[in-house]
Amino acid sequence: MAANRRKPYPQVARDRINTGILLNRLQDHVVGKAEMSSTQVQAAKVLLNKTLPDLQAVQHSGPNEGPIPVVNGTPAEFKKVAEEVAAKV
């Protein structure tokens, strides 16, 4: 049986959304170059949410949820700190 080579439908739909045109149109609306109704703005927002990832806050932490050690110095100093951190974990 032949392998199914088609992309999954959600990916096909994402590929058809032209993100650049939507962004340009929204930017023009913001600076007053283009008029858009609230429905058009909402539709553009929904389409952009399907193609662009939302930005999320990311918190990095070191061992045991503590701070991340920063080492400025020689490779020997770095190795010493790395060994100390490894011993705590």
Give me the helices (runs of 4 or more DSSP H) completely within the chain, filtered to those with at least 1 residues that are under 18 Å from the mean Cα position of the chain (by Cα), ordered by residue number. 9-16, 19-31, 38-51
Among the numbered conditions (1) at pLDDT below 85; (2) aliphatic (A, V, I, L, M); (3) closer than 30 Å to residue 18 by Cβ, tell me where residue 87 comes up short. (3)
So which pairs qualify, if the first residue must be in region 63-89 and β-branched (Val, Ile, Thr), the second must be outside any helix (DSSP H, G or I), the Cβ gap must be under 8 Å, and the two must be at least 6 apart or on different chains? 68/60; 68/61; 68/62; 81/69; 81/71; 85/62; 85/69
Within region 51-72, does at least one residue satisfy the condition of being hydrophobic (A, V, I, L, M, F, W, C), within 25 Å of residue 10 (Cβ to Cβ) and surrounded by 11 or more Cβ atoms within 10 Å (Cβ to Cβ)? yes
Quick check: anything in region 18-33 at pLDDT below 75 and either basic (Lys, Arg) or surrounded by 10 or more Cβ atoms within 10 Å (Cβ to Cβ) (or both)? no
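The values are calculated or read from the model by the stated rules, or taken from the named source; none is laboratory data. If you're wondering where the values come from, they're calculated on a predicted model, not measured in any experiment. Using ideal geometry, Cβ is built from the backbone for each residue, glycine included, and neighbour counts are taken over all protein chains shown.
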